Amino acid sequence: MALAAGLVLGAVLIANGLGLFRTSAGVVMPGQPSGHVPEGTPITYNSIPPTSGLHYATQVAPWDSYQSRVDDPRVVHNLEHGGIVIAYKGIDETTIQRLEGFLGKGPFAGASFPPSRYGNRVKLVIHPDERLNDGDIVLTAWERMDRLSGLDEARIRNFYVANLDQCCEKVP
């Protein structure tokens, strides 16, 4: 009996470590082999935007908002560090400012998200992605995705809180 209980406990601990008991914020995406590769190495991802896979060994993109798309291998590295990426296409400037408010920036800075437990920063990258459909806002975390057809601040916050620091490298 003790052996069976030990096996069940071991299985639960392994499943929890793999993130199988996470809050169901977003759709679980198929994982890809991961690891660092030299910058410039061609990489194919199984989703747009990507949610896992090989990525450049260079530094992550600084947690911030950008005026143009950040390269996929770089944002995948951010996801590996437990961060969240918000990609968008064809949304108005006020909506972009509301998204930037999650970083504590701009006129909507009061909506700032909680920082990582591994450092005092909001682990969020916000950038446009011309490959999406007009009006799309797509949230990604390691092996998670949520597609929105417009701004839903509560859903974005829920995704962020549920998936923050849930992957691989426990770093700020």
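The values are calculated or read from the model by the stated rules, or taken from the named source; none is laboratory data. What you see is a predicted model, and the numbers here were worked out from it, not measured in a lab. Because the Cβ atoms are built from the backbone with ideal geometry, glycine has one as well, and the counts that use them run over all protein chains shown.
Odds and ends about this structure:
- Exactly one residue out of HIS81, HIS55 is buried (at least 17 other Cβ atoms within 10 Å of the Cβ), out of contact with any strand residue (DSSP E or B) (no Cβ under 7 Å at 6 or more places or on another chain) and not aromatic (Phe, Trp, Tyr): that is HIS81.
- If you check ARG147, ARG157, ARG69 for being assigned to a loop (DSSP other than H, G, I, E, B) and basic (Lys, Arg), only one passes: ARG69.
- Search result, residues across region 21-66 that are outside any loop (DSSP other than H, G, I, E, B) and closer than 24 Å to TYR88 by Cβ: VAL27, VAL28, HIS55, TYR56, SER65
- Residue match in region 123-136 (condition: farther than 17 Å from SER68 by Cβ and of a type in the set (Val, Ile, Thr)): no
- Considering (1) acidic (Asp, Glu); (2) touching a Ser or Thr at 6+ places or on another chain (Cβ under 8 Å); (3) at pLDDT 95 or above, the lone condition that GLU39 does not fulfil carries the number (3).
- Test: residue in region 141-163 that is among the polar types (S, T, N, Q), modelled with pLDDT of 95 or more and within 10 Å of the chain's Cα centre (by Cα): yes
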